[in-house]
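Scroll down for the structure; my scribbles are underneath it.
Only the coordinates and a few stated rules stand behind these numbers; no lab work does. Just so it is clear, the structure is predicted and the values come from calculations on it, not from any experiment. Every residue, glycine among them, receives a Cβ derived from its backbone with ideal geometry; neighbour counts consider all protein chains shown.
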Amino acid sequence: MPKEDKPHVALLASPGLGHLIPIMELGKRMVTHHDFHVTVFFIASDQASTTSLLKSPKLENLDIVALPPVNISGLIDPNAQLVEKLLVIMRESLPSLRSSISSMKFRPSALIVDLFGADAFEIAEEFGMLRYVFNTTNAYCLAVIFHLSGIDDKFISEHHVKGQEPLEIPGCKSLSFRDTLDSLRDIDCIDRPKFNGNKMTNSHGILINTWEDLESSTIEALRDNNYLGTLLNVPIYPIGPLVRQDGNQVLDKQVKLWLDDQPIESVIYVSFGSGGTLSAKQLTELAWGLEQSQQRFIWVVRSPSNNALGTYFTIGENDGDGTPDYLPQGFFTRTKDIGLVIPMWAPQAQILSHPSVGGFFSHCGWNSTLESIMNGVPMIAWPLYAEQKMNAAMLTEDLEIAVRSEVSSTDEVVGRAEIEKMVRTIMVDKEGEAMKIRVKELKNSAEKALNKGGSSFNSLSQVAKDCMHHLLA
Ligand code: UDP
């Protein structure tokens, strides 16, 4: 088998922009800072936003390969949890991944998969490749997943909807029932999160999209051989924050002109990730709350749905026709001088990096959270699905860079008065000023970690060295 003179790594992304975006950023960083050749595999979809992401400026030594879409109807209950669907899609994609890797002239020396792709390690073993997991969310989420996989049912049932006791995780923040994973909130069944924990521990390491100083005690717990460290039993590499660079997105001329006209840090950006949606009632309250706050805003609006994950698999860039009919009557007219509504999808990284933006009303997806931190923007935490409630707890209780309603944004409707108050807190009040200072400190700490010699730079350099040794072996 011919060999390259630089380590070649294959990255495998599971469906969903929240997974593909950080995988692409990892690939770019490996190429530009650590001299890798990288091939990114992803499952093809016709989502316009995916297509535009992959069209972004080409980089030498970064190849992108679309694996054919798979049809999972008939293989899984249509009402199954998203995690289960993703695992089945990834398993069904193994034959095309195998044939694609086996036909490569220069076979990669390592395979890096996200949390849903560990089944592909069987292919890495077949081809003698190193195996890594890239956890695209934070260290805390990883600690919760592994803790849940290792404990007795009795502890889960105390925490589960029947007991509602906080889940104590040695060395980490305890997990309150309010913030727990959706699978543990089902009254009828205790459902441990279905990740391939044992396959992940059969890897050469877990890369995490975080940095040492952000989650130092949780990272220490993940390495501690008294408990979590023995469950994981692999090296932990905090290599983040890897976020989408604004240069890859095109800011619509109208949006740019509008933002350019606003005073510095005066605009709150409102968006719920690649698939988040609100109920019709909640959408109405949000509209009134924004209007009553009298703050400037950019709002990425989607039609209402009672499923918070309404558009996860179907979102497209610039879908929709512009004027949503589900907002309060006269909303556009009344807010025309202070607000901009963008249907469905907006170039988020570009908007957050604009100097006029001073707040982010967010569903707390981890990519959105990191993008907010990297632009020094405080947040209103409005978690919807997956691990977002845990992220919201971290942002409000530990990092103190966000406000959050006491009312659960997925179980009840948060009223307009409270929304107005939260917006004014981060945009106008002293409390918001203090958050701004803290989030800017975090931005500096993140940049330090990423710079040459910083903790995240060094972690990724270690992975690069291991791949190089493997190549030469
Ligand atoms: N995103 C975007 N425009 C939108 C919505 C989302 O560019 O209108 C990007 C956002 O910048 C982030 C990603 O999509 O990089 C969403 O990832 P996140 O982890 O925040 O949430 P998820 O979509 O996975 O729930």
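Sorting 67-76, 9-18, 210-219, 417-426 by their mean Cβ neighbour count within 10 Å, with the most densely packed peptide first, gives 9-18, 210-219, 417-426, 67-76.
Counting only residues at least eight positions apart within a chain, or on another chain, the aspartates and glutamates with an alpha carbon under 13 Å from that of Lys199 are Asp114, Asp119, Glu122, Glu125.
Close amide H contacts of Leu207 (hydrogens built in the peptide plane, cut-off under 5 Å, sequence separation of 5 or more or a different chain): Val133, Phe134, Asn135, Tyr237. Mind scanning Lys194/Lys421; Lys6/Lys448; Lys173/Lys436; Lys256/Lys421 and naming the pairs with a C-alpha gap bigger than 32 Å? Cα-Cα > 32 Å for Lys194/Lys421; rest within. The residues Phe36, Phe127, when put in order of fewest to most other Cβ atoms within 10 Å, stand as Phe127, Phe36. Under a 5 Å amide H cut-off, with hydrogens placed 1.01 Å from N, Val270 pairs with Ile298, Trp299, Val300, Phe361 among residues at least 5 apart or on other chains. For the listed peptides 165-176, 341-352, a ranking on the average number of other beta carbons within 10 Å per residue, highest first, reads 341-352, 165-176. Residue ranges 460-471, 391-402 sort as 391-402, 460-471 when ordered by packing (mean number of other C-beta atoms within 10 Å per residue, highest first). Amide H to amide H, with H built 1.01 Å from N, Thr39 comes under 5 Å of Val9, Ala10, Leu11, Asp63, counting only residues 5 or more places away or on other chains. Phi-derived couplings, Karplus 6.51 cos²θ - 1.76 cosθ + 1.60 at θ = phi - 60°, listed residue by residue for the range 335-343: 10, 4, 8, 10, x, 10, 10, 10, x Hz, with x used for Gly and Pro. With 22 Å as the limit, the listed pairs Lys55/Lys443; Lys28/Lys443; Lys55/Lys336; Lys28/Lys85; Lys253/Lys430 have Lys55/Lys443; Lys55/Lys336; Lys28/Lys85; Lys253/Lys430 beyond it between alpha carbons.
Membrane-span-like helices in the chain (whole DSSP H runs, Cα extent of at least 18 Å along the helix axis, mean Kyte-Doolittle hydropathy of at least -1.0): 17-34, 280-293, 430-450, 455-472.
A P(r) calculated from all alpha carbon pairs of the range 253-446, with 5 Å bins opening at zero, reads 1, 8, 17, 23, 23, 17, 8, 2, 0 percent.
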